[in-house]
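Student: For reference, the structure I am asking about is given below.
The values are calculated or read from the model by the stated rules, or taken from the named source; none is laboratory data. From a predicted model like this one, the values you see are computed outputs, not experimental measurements. When we count neighbours, we look across all protein chains shown, and the Cβ atoms used for this are built from the backbone with ideal geometry, even at glycine. We work out accessible area using only protein heavy atoms, side chains counted, and drop any ligands, DNA or RNA first. Shrake-Rupley method; radii C 1.70, N 1.55, O 1.52, S 1.80 Å.
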Amino acid sequence: MESNSCSYSATTVRNGLISGYTAGICGIIIGHPLDSLKVLLQTAAVGTAPGSSVRPSTKVVSSSNFVISRASSTAAAAAVLTQPSRLTAGKRTLTSLYAGVTGPLLTVGLIQSINFAVYDSVRRVLYERQLRSVNDNGVMLGNCLPDDYLHYDHLQNVAIASFISGGATSFLTSPITMIKTKQQILQWSFRKAIQDTLSRGNSRLKLQNFYTGFGIHFCCDAFGRSLYMFTYEFLKRSISERQHVDNESKRASPANLSIPQRMICAASAGMACWTFIYPADLIRSRLYSQSLSQSIPTTMDGIRLAQQLVRETGFRSLYRGMPISVARAGPVAAAILPVYDYMLDMIS
């Protein structure tokens, strides 16, 4: 079969890079404050500041040297923002919630551009294979329009492509996520957070410090990304099919969806993804907090840390701060994915 217009090329990779970069920057600007609040809820000593009048019932998890509060997420969030931190001086302001944004702003655009470019290219490759197969009538499928792969490929292609792109970029995002988390907890500069990471452990293995908890990080990025994109495409196609039934004069295609419809699909996908991966993300944040120079040294891995959290404070501790993360995921995803779709359609 002749080459079709859905094939990937230098131009399509460039388009994916540009679209991903633009979407990534939008996501950081919108979502970073709530991401900071999420990290603080996962790791900070809520309700234990000296002189504080608010002292909810708590238990100490000695391995991470932090306190888990049994207060509600709303009360805990308010406490994080209004009470002096054990690790930092003074109360936090809205501006302080942008602590750690430097690294993501400098790098997330590039990383998201690589992520989306890999995702787009793999989808094209898988769709080409799909076109080479025969349909139920034994007739070879013909050439496709340039954007057909975006709307008519199998959903399993979406899941596979996003898993590969998320897993591939996890090697780049692991150091950045660790540095960002330290900045959010202690309001450090980007340089200070890097120095702290390099100060731990064997002098010949310092770079490994940037990959603390990498197994959990890989699962969050690869499986989370796969669920994220799969859900987004599934919802878009479901709405498109319903519209096609209501209006048979139009071809059923997610390309016909309005921006608000895409935003609803994206927000739902983001919230579903974070609901699924949140316990792993919490463990990841606590592993990062353990690597702080101020923390008690420990060799506890993610599985043992999760077991100890459940044993000492119950399963609810694995969902501490989840409402904040889910609330953040909605608007962030509602910005990133429609912006990516729009940019890709516009420059393609």
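Student: For the full complex of protein chains and a 1.4 angstrom probe, list 197, 95 by accessible area with the highest value first.
Tutor: Solvent-accessible surface, decreasing: 95, 197.
Student: Provide 123, 225 ordered by accessible surface of protein heavy atoms (probe 1.4 Å), highest first.
Tutor: Listed by decreasing accessible area, they come as 225, 123.
Student: In addition: Taking a 1.4 Å probe, which of 241, 128, 312 shows the most accessible area, and what order do the others take after it?
Tutor: 241, 312, 128
Student: Right, another one. Give, in nm to one decimal, the length gained when the segment between residue 208 and residue 342 is fully stretched (0.36 nm per residue of separation minus the Cα-Cα distance).
Tutor: The span from residue 208 to residue 342 would gain 44.4 nm if fully extended.
Student: Taking K and R as +1 and D and E as -1, what net charge do the other residues with C-beta under 9 Å from the C-beta of residue 197 add up to?
Tutor: +2
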